[in-house]
Amino acid sequence: MAANRLVLLVAVPLFLVMALVAYLTIQFAINERAAQGWVRHTYEVIGQLEQVLSDSLDAETGQHGFLLTHKPEFLAPYQAGRSRVTADLGTFQKLTADNPTQQRRAARLERLVHERFSAFDATLQQAGGSAESLNAALETGRQRMEALRREITGGVAEERRLLVQRDNARRETENLEIAFAIGAGVLTLGALLIAAAMLVRNNVSLGISEKARANEAAILQATLETVREGIAYFTSEGLLCAFNASFVTLLDLPPANAVLQKTRISELKTHEGIRPIADQVFTPPDPGQTGVETQHIVWNDRELDVYKASVATGGFLIGVVDQTDRVRAESIVRQSQKMEAVGHLTGGVAHDFNNLLQVISANLDLAVANAGVQADPRLRERLQNAIGAVARGSRLTGQLLAFARRQALAPKSVDLGRVIRDMSDMLRRTLGENIQIETVLAGGLWNTLADPNQVENILLNLAINARDAMPEGGKLTLEVANAALDDAYAARHAEVEAGQYVMLAV
């Protein structure tokens, strides 16, 4: 807006000055042409007067020849000159119609010519007279010819005076026009200098403004790049004007298809790589919508929330938020809550079952102590087998209580190889027949300080996870070996101290 006002402020005075210069130039040309016309007119009038004199002299020459020789052939030049003089005077009157002085002179010339020719006509009638009368007639003709010459000379002088007067007036007008032209040129130069100064100032201001806008754009882009969410701004015509790298990354857009001020939303909608989600992501919001439009999509194993909002000044924003971690965290929380519920249920069942086992174990111990049982080896063996089964059931309830986190940790020296051997049967029953279990136990295995119930619980969880990873069946390998972790390993893993350990690999 300011630039337009500046252009008008400079252009209007400059146009007026240039118009004045053009007017003065045209006026100068018109005056020059008029002056040249008057010069031609003056010389034409002078020429006409000289022609009157010349034709009068021709007529006089014919007259003298006839008077001296009385030969009729001299009358032909006289008659021709007389006719031309009459025509010349008529032309002179027309040329000087705007000049009263010359019109009066034309009348006098016409009178003198008439008297001159009338006197000659009278002389012709006296052609046979005496020499004295002939000389008198010639003298009268000479005097009238001199008067005619004086009038013609006066007319020429008048025309030359008018020529000088008109030339002086032309020069004054020309000088005035030149002065105006110089003044207009100075004004034009001043206007141009002012315009140049204003334009330079405006260009400097524009440069500063452009630099400020570029700086703002850089700050905006840097700000957009610090945002984890994908953001893009489109004009109302669908032209991509701003976006960050997250927008391209989350939607897996090829960089060549996201170019500022070139890419249009219609091109993105028809791109083959994102066609399944194109309508959901790149359909502009309704123009009359005031709130934020939200959609949830799943794209390339990502859980994405897409936000769309119209901008009050025109265009619209599209935001893409990666909710994958949140969805997974919620899933983990739900699974944890589920496992916690299962743990509570398992702990309650295991606790009640353990109470039942204690009753059974006490009764079996009493039965074994009975004298009749001691006397019957087969019965005593059966009761001992039952007591062993109760012990295994007690260990199972201990594992269930450990799984339910209801049993306190009791670390002690444990042989992990023996723990794995003792759990083999339970793992086979738990994992099913389509999972083959292989155990690799290193020789000279060290004992380790651990809670055996927790070790069994960990081993059971790992085995179940391995089974879930092999839905078609497979082979599960359990390996135990000694391991010495040095200072370098401990430096890379802050939770570990250097020393001797027993490795359990599943």
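Please treat every number below as a calculation from the coordinates, not as lab data. In this text the structure is predicted, and so the values were computed from the model without any measurement. Positions of Cβ are backbone-derived with ideal geometry, glycine not excepted, and every protein chain shown enters the neighbour counts.
Here are the numbers for the structure shown:
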item: Pairwise Cα inverse-distance average, inverted: Kirkwood Rh of the range 288-385 (Å); result: 19.9
item: Ascending count of other beta-carbon atoms within 10 Å, so fewest first, for VAL320, VAL259; result: VAL259, VAL320
item: Radius of gyration, Dmax [the range 409-506; alpha carbons; angstrom]; result: 14.8, 43
item: Packing-based exposure ordering (other Cβ within 10 Å, fewest first) of GLU330, GLU229; result: GLU330, GLU229
item: Residues THR188, THR263, THR235, sorted so that the one with the fewest Cβ neighbours within 10 Å comes first; result: THR235, THR188, THR263
item: Kirkwood hydrodynamic radius (C-alpha pairs) into Stokes-Einstein, the range 228-322, 20 °C and 1.002 mPa s, D in µm²/s; result: 162
